[in-house]
Protein chains: 2
Amino acid sequence: MEDRPSSKSNSPYYDIVIVGAGPVGLMLSTCLSRLGYRIKHIDNRAEPTPTGRADGIQPRSLDLLRNLGLKSAIMRHKPARVYEVAFWDPAGASKGIIRTGTWASCPAFIDARYPFTTLLHQGLIERVFISDLEKNGIKIQRPWKITAFSSDEKQNPEYPVEVNLEHTDGTSRETVHAKYLFGGEGARSFVREQLGIGITHKDPIAHVWGVMDGVVKTDFPDIKMKCTIHSEHGSIMVIPRENSMVRLYIQIASSTDPDWNPRKTATADEVQASAKKILQPYSIEWERVEWGRRMSYTQFMQPKAGQGMNTAFLDAQNLAWKIHAVEAGFARREILKTYEPERKEVAENLLAFDNKYAKLFSERLPAATEVKAASSHTNGNSDDNEFIKTFKEACEFTSGYGVAYGPNALNWSSIHPAQSQLIHPKGIKLRTGRMMANADVTRVVDANIVHLEQEIPWNGSFRIFIFAGKPSVTSRALKDLAFQLGGKRSFFSSYLRPDIDTVSHHERYNPHSLFFTICTIFAAARSEIEISRDVPGLLERYRDLVYADDRWDRRVPNATAAAHAKMGLDEEKGGVVVVRPDGYVGIVTSLVEGSGTVDALNAYFNAFCTKKTGDNKAQL
Amino acid sequence: MEDRPSSKSNSPYYDIVIVGAGPVGLMLSTCLSRLGYRIKHIDNRAEPTPTGRADGIQPRSLDLLRNLGLKSAIMRHKPARVYEVAFWDPAGASKGIIRTGTWASCPAFIDARYPFTTLLHQGLIERVFISDLEKNGIKIQRPWKITAFSSDEKQNPEYPVEVNLEHTDGTSRETVHAKYLFGGEGARSFVREQLGIGITHKDPIAHVWGVMDGVVKTDFPDIKMKCTIHSEHGSIMVIPRENSMVRLYIQIASSTDPDWNPRKTATADEVQASAKKILQPYSIEWERVEWGRRMSYTQFMQPKAGQGMNTAFLDAQNLAWKIHAVEAGFARREILKTYEPERKEVAENLLAFDNKYAKLFSERLPAATEVKAASSHTNGNSDDNEFIKTFKEACEFTSGYGVAYGPNALNWSSIHPAQSQLIHPKGIKLRTGRMMANADVTRVVDANIVHLEQEIPWNGSFRIFIFAGKPSVTSRALKDLAFQLGGKRSFFSSYLRPDIDTVSHHERYNPHSLFFTICTIFAAARSEIEISRDVPGLLERYRDLVYADDRWDRRVPNATAAAHAKMGLDEEKGGVVVVRPDGYVGIVTSLVEGSGTVDALNAYFNAFCTKKTGDNKAQL
């Protein structure tokens, strides 16, 4: 990284060329720009996505945006929040429609910080990224397209990819050299096409919908809710918007229609007339149809389950840290190969689940008691019937918390090279390849109550959470841990910063290594913790990231140390949780006296790091 | 209000002239501008307060700012949050200093949404107001001063006050006419001086402090906390700031010194040397001294308890709604006379308390068990000793939740003209003249979980919270209430909007009257509430302000309807809470069948409204 051309220069050498400034390209660009990479980012549209296209940000995506420091910019737009979804069905006997149920978007059994879906125009979301990128000196080059690319590792070992770019009007051209080329243009990707990568469609029934944004006058009671309405006259989806606006998706054709025509169009009047029929016995009138001038007519689209943008965010973040880990010399190049299977499995699970879900619901509607049971506080009740189980699974998918990456070098499992009795201790609730649990803790240095899982901002580092249990119990183990971490061949000491001697003492997250940030959490009241006494050796350098696990949590009401308890760690003895830079748990170990804990962690990192760690014994 | 000149015109006629754009003037201007008043606002400084002067926003003030929609603009600056304050004292035997205690800024016994003090430069806070005012078309005229004013109600009954204004360089002059003149210039007020109004000082001991902002390197463990440090070498106050900055107030002179000189100065070097002595055995070095160029030397000030700005906010809001109530024809002019005693009593209580507090602490330091007991969850324990009681009182003052307005026409008491057995029902926890309790509820129309006390933004209206208990129990009482409110002579119907027939159906807060906004809260789950069935008569028009009291609250863990329980209302039968436009409880009544509830409310409003209400029987 050190000898690459500076970001400010006009050199045609880049770390990465990103084609397409939709959600995936923007997230990738944002993550990499924070780590100082040199990025060429182009998009073939003259302007960002117009504000008209709405999308739902999942609870988990909001966590992610907060971790990047972008949540408040999103919330400044005062987006609508969907806490519940209502279902309306034919009342029978030509009586119009009745509400058959309402379900939480993110029921209490999911421990989400933000248990709602945030609805905001995709264009506004993109602009939040664009303005953040500009702060980091990255301007998206528009309207430019990619016309050719080739790769030659022999000729140009450092920048093997040559990319030809062209203004869409053909007036200018550019050739650039890069280490990576990322195609994030969606379905009509030039990069994908050239590489012969297909797209799998699993959409058994196609529909054409009319989309209408506007201000309405109606006595339909759920006009401010997200609703799915089925009637004898067709279907409507209601999407609340900011202020008094509402978006209606009104079905105007289906592939199950006898006269199915995927190019069917309708006038605004026809769509409104159709909506009026579907909503009977309720009335609806449009006071104003919005969406700028383009709303003088009606646009058409095929709404997806709102997974597109959220999936894109996770894809990009998954890839970004792996590129960083490789480029910065920390991880072996093979870890890039974990990107596709991790993300593909998630996509496939989602598609498979969609089918199961649809099938279950086509058979019968759930009873009210089932909905209630499914939404309830507890999880994993073995008495749950098939419906309740499927509903819970659905909530995990639609909240974004259902993502689970399978076993590989990064996500420890019983087939991982690292094997020790200390790994995955008894009682642990965390699962590798899934998110760490949320927890409130008190930061020791300033007594602020904070969200532990948000305390390390996106910085490309592995997050080492040392749950240190009771200081009187773990004092020796913690000293040993600090000592072993400081040993010359430990995973930690093997990747020290080259500029370690000149790092500012204000550096909170990466004082020693660019690849690790360490938090220490004690099962004690804040007032009982004295950092200079209780936090030994190199750990003391992370004094801004020392916490008291002294906040009560309703999910573990009887725990003395709620954060420990939520992770499933012993409240006295603690344990160590290693979280990947994208927030997924990599490995959990016990915290023990001696070298066992660091030995286990060395073995874990050995599975994918460039240096063989843990060979020598600790040398301070 | 209708025939006053438009805000856009250059007419010299104003509703109010506001002199001074400090916290009190800005808050008054902001509140009145939201209600459409025509304001001339001047300030004799060429620029707003420089950003250097820090101030602490109390928890209660943050509620207030949120209610005005200004909180997120404040938080965008990422201010430091003070959750706890640490006390350091001489260790004895020349061993430097030791920590003798840490206390919560706003302990758990106070039910605050934001249990911390927010530290932000006063200049930045003022800019948030200034930019909000500009959105409402009000620009502060600078640097202008007031040179004379007179009042003649006979000559100009509508705009009796004539005010002469002048540019501070004397180059231009203006004469304007107003209904009100407000002097908010602080100690050196021209208006105050002319009217012969003195300022009371109660500051038995004077100190001179050196103020130094900067980035330091220190092993003092509480450098990120707010600390009061007393040593054998003098005193320091530590105020954390954003990023790695810290502000130190370093005492350089005291009126108790034998050579006391209130104009004593010191160089930056002298102040730093003094700080080093005081902080022993800890070390401190300045890496950078901030505060622009002005920090090349050291500024001096007398720090107050941080009450100034917070008091100013409450003063201004108290006055703003009363001016509005009078000017809009709702309340009798006498209510303006409640402003001074209400606010003066608060100020006097604060001063009296300060003395008591200082006295108590000069006698002995509290024991750790006392601090713990004082900070604990429960309140009003009769076993509390004097120290604990005083500490709790202190927390109420410093959080802003201690403000209690005494009995008068607005704050019901046993001597209020309104007397009925329904008023102040048994078990009620709310106290008139104090804030309504905070409560989470679920909004019925969109299932959003919201803060009930924030659901009505600052709009100058009385807030009628109808806690409707169990729908099956109160059905009749609620119908009767709606019917009686609609009666021609009810307090509600006596002040209908003149434009009531043309009000948009999107108007949420004031569809019927500019003086009342109504919320209805049922002790039922959201899914059980059907607005069209459960919310009768005119109340249904407030459909956006109907709530389910179905959120669990740790403070009333056994309650089925936590919001009802927190107010001290019967969870089945409910009750009606009338809250003044500034958030203080005016009166609480039972919710009963028949006309009793509205009769009691009519009597309450009769005590200060312009129209005699409740004379006739309900006429729909």
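The values are calculated or read from the model by the stated rules, or taken from the named source; none is laboratory data. Values in this document were obtained by computation on a predicted structure and should not be read as measured data. Using ideal geometry, Cβ is built from the backbone for each residue, glycine included, and neighbour counts are taken over all protein chains shown. Surface areas here come from the heavy atoms of the whole protein model, side chains and all, with no ligands, DNA or RNA. Shrake-Rupley method; radii C 1.70, N 1.55, O 1.52, S 1.80 Å.
Against the condition closer than 27 Å to A:Ser493 by Cα and free of Cβ contacts under 8 Å to residues at least 40 places away in the same chain, how does A:Arg541 come out, does it pass? Full working, then the answer.
Numbers: closer than 27 Å to A:Ser493 by Cα: yes; free of Cβ contacts under 8 Å to residues at least 40 places away in the same chain: yes.
Against the criterion (closer than 27 Å to A:Ser493 by Cα and free of Cβ contacts under 8 Å to residues at least 40 places away in the same chain), A:Arg541 qualifies.
Note down all Cβ pairs under 8 Å where the first residue falls in segment B:551-566 and is within 14 Å of chain A (Cβ to nearest Cβ) and without any contact (Cβ under 8 Å) to a residue 24 or more places away in the chain, the second is assigned to a loop (DSSP other than H, G, I, E, B) and surrounded by fewer than 16 Cβ atoms within 10 Å (Cβ to Cβ), and they're at least six residues apart or on different chains.
Matching pairs, first to second residue: B:Trp552/A:Arg554; B:Arg554/A:Trp552; B:Arg554/A:Arg554.
Out of the residues in segment A:34-75 that are over 15 Å from the mean Cα position of the chain (by Cα) and of a type in the set (Gly, Ala, Ser), which is surrounded by the fewest Cβ atoms within 10 Å (Cβ to Cβ)?
Checked segment A:34-75; the qualifying residue surrounded by the fewest Cβ atoms within 10 Å (Cβ to Cβ) is A:Ala46.
Please go through segment B:522-533 and give me each residue that is buried (at least 19 other Cβ atoms within 10 Å of the Cβ) and either more than 11 Å from chain A (Cβ to nearest Cβ) or outside any helix (DSSP H, G or I) (or both), ordered by number.
Within segment B:522-533, B:Phe522, B:Ala523, B:Ala524, B:Ile529 meet the criteria.
Given segment B:77-164, what strands (runs of 3 or more DSSP E) lie entirely inside it while holding 1 or more residues that are more than 14 Å from chain A (Cβ to nearest Cβ)?
Numbers: elements: B:80-82, B:84-90, B:97-104, B:117-121, B:144-151.
Answer list for segment B:77-164: B:84-90, B:97-104, B:117-121, B:144-151.
From the list B:Gly196, B:Gly186, B:Gly214, exactly one residue is at pLDDT below 75, out of contact with any Ser or Thr (no Cβ under 7 Å at 6 or more places or on another chain) and surrounded by 11 or more Cβ atoms within 10 Å (Cβ to Cβ). Which is it?
Values: B:Gly196 fails: surrounded by 11 or more Cβ atoms within 10 Å (Cβ to Cβ); B:Gly214 fails: at pLDDT below 75.
Going through B:Gly196, B:Gly186, B:Gly214 in turn, the sole match is B:Gly186.
I'm trying to understand the selection: among the residues of segment B:36-76, which are of a type in the set (A, V, I, L, M) and within 14 Å of another protein chain (Cβ to nearest Cβ)?
Step one: filter segment B:36-76 for residues of a type in the set (A, V, I, L, M), giving B:39, B:42, B:46, B:54, B:57, B:62, B:64-65, B:68, B:70, B:73-75.
B:Leu70, B:Ala73, B:Ile74, B:Met75, listed by residue number.
I'm trying to understand the selection: among the residues of segment A:271-288, which are aliphatic (A, V, I, L, M) and farther than 14 Å from A:Thr218 by Cβ? Lay out the reasoning, then the answer.
Initial filter on segment A:271-288 (aliphatic (A, V, I, L, M)): A:271, A:273, A:275, A:278-279, A:284.
Correct list: A:Val271, A:Ala273.
Provide a single number: the residues in segment A:76-122 that are acidic (Asp, Glu), open to solvent by 30 Å² or more (accessible area, probe 1.4 Å) and over 23 Å from the mean Cα position of the chain (by Cα).
Summing the residues that are acidic (Asp, Glu), open to solvent by 30 Å² or more (accessible area, probe 1.4 Å) and over 23 Å from the mean Cα position of the chain (by Cα) in segment A:76-122 gives 0.
Hey, can you tell me all the residues within segment B:165-194 that are hydroxyl-bearing (Ser, Thr, Tyr), part of a loop (DSSP other than H, G, I, E, B) and under 30 Å from the mean Cα position of the chain (by Cα)? Quick ask: steps written out before the conclusion?
Here is the first cut: in segment B:165-194, the residues hydroxyl-bearing (Ser, Thr, Tyr) are B:168, B:171-172, B:175, B:180, B:189.
Restricting the remaining residues to those that are part of a loop (DSSP other than H, G, I, E, B) gives B:168, B:171-172, B:189.
Within segment B:165-194, just B:Ser189 meets the criteria.
Pick out, from segment A:413-521, the strands (runs of 3 or more DSSP E) lying fully within it that include 1 or more residues that are surrounded by fewer than 16 Cβ atoms within 10 Å (Cβ to Cβ). Please lay out each step first, then the result.
Values: elements: A:440-443, A:449-451, A:462-469.
Strands (runs of 3 or more DSSP E) meeting the threshold: A:449-451.
Return the total of residues in segment A:325-347 being open to solvent by 10 Å² or more (accessible area, probe 1.4 Å) and part of a helix (DSSP H, G or I). Outline the logic, then answer.
Going through segment A:325-347, the residues open to solvent by 10 Å² or more (accessible area, probe 1.4 Å) turn out to be A:326-329, A:332-334, A:336-341, A:343-347.
Filter once more, so that each one left must be part of a helix (DSSP H, G or I): A:326-327, A:333-334, A:336-341, A:343-347.
Within segment A:325-347, residues that are open to solvent by 10 Å² or more (accessible area, probe 1.4 Å) and part of a helix (DSSP H, G or I) number 15.
Looking at segment A:468-493, I want the residues that are more than 19 Å from A:Val441 (Cβ to Cβ) and assigned by TED's automatic domain parsing to the domain that holds A:Ala561 and have a partner that is among the aromatic types (Phe, Trp, Tyr) and open to solvent by less than 30 Å² (accessible area, probe 1.4 Å) with Cβ atoms under 7 Å, at least 6 apart or on another chain. Which pairs are those?
Between residues of segment A:468-493 that are more than 19 Å from A:Val441 (Cβ to Cβ) and assigned by TED's automatic domain parsing to the domain that holds A:Ala561 and residues that are among the aromatic types (Phe, Trp, Tyr) and open to solvent by less than 30 Å² (accessible area, probe 1.4 Å), the close pairs are A:Leu485/A:Phe492; A:Phe491/A:Phe605; A:Phe492/A:Phe516.
Check segment A:111-119 and report whether any residue there is on the phi > 0 side of the Ramachandran plot and in contact with a Leu (Cβ under 9 Å, 6 or more places away or on another chain).
Initially, segment A:111-119 is screened for residues on the phi > 0 side of the Ramachandran plot, giving none.
No, segment A:111-119 contains no residue that is on the phi > 0 side of the Ramachandran plot and in contact with a Leu (Cβ under 9 Å, 6 or more places away or on another chain).
Scanning for something basic (Lys, Arg), within 25 Å of B:Thr102 (Cα to Cα) and in contact with a strand residue (DSSP E or B) (Cβ under 6 Å, 6 or more places away or on another chain), does segment A:449-463 turn up at least one residue? Give the derivation first.
Start the filter on segment A:449-463 by keeping residues that are basic (Lys, Arg), which leaves A:463.
After this cut, where a residue has to be within 25 Å of B:Thr102 (Cα to Cα) as well, the list is none.
The answer is no, given that none of the residues of segment A:449-463 is basic (Lys, Arg), within 25 Å of B:Thr102 (Cα to Cα) and in contact with a strand residue (DSSP E or B) (Cβ under 6 Å, 6 or more places away or on another chain).
Can you work out which of the residues in segment B:223-253 that are at pLDDT 85 or above, outside any strand (DSSP E or B) and within 14 Å of chain A (Cβ to nearest Cβ) is least open to solvent (accessible area, probe 1.4 Å)?
In this case the residue turns out to be B:Met225.
Mind checking which pairs have a first residue in segment B:109-120 that is in contact (Cβ under 8 Å) with a residue 24 or more places away in the chain and a second that is assigned to a loop (DSSP other than H, G, I, E, B) and among the hydrophobic types (A, V, I, L, M, F, W, C), Cβ under 7 Å, 6 or more apart or different chains?
Every condition considered, the pairs that remain are B:Asp111/B:Ala437; B:Ala112/B:Cys106; B:Pro115/B:Cys106; B:Phe116/B:Cys106.
For segment B:254-289, enumerate the residues that are at pLDDT 75 or above and of a type in the set (A, V, I, L, M, F, W, C).
Of everything in segment B:254-289, those that are at pLDDT 75 or above and of a type in the set (A, V, I, L, M, F, W, C) turn out to be B:Ala268, B:Val271, B:Ala273, B:Ala275, B:Ile278, B:Leu279, B:Ile284, B:Trp286, B:Val289.
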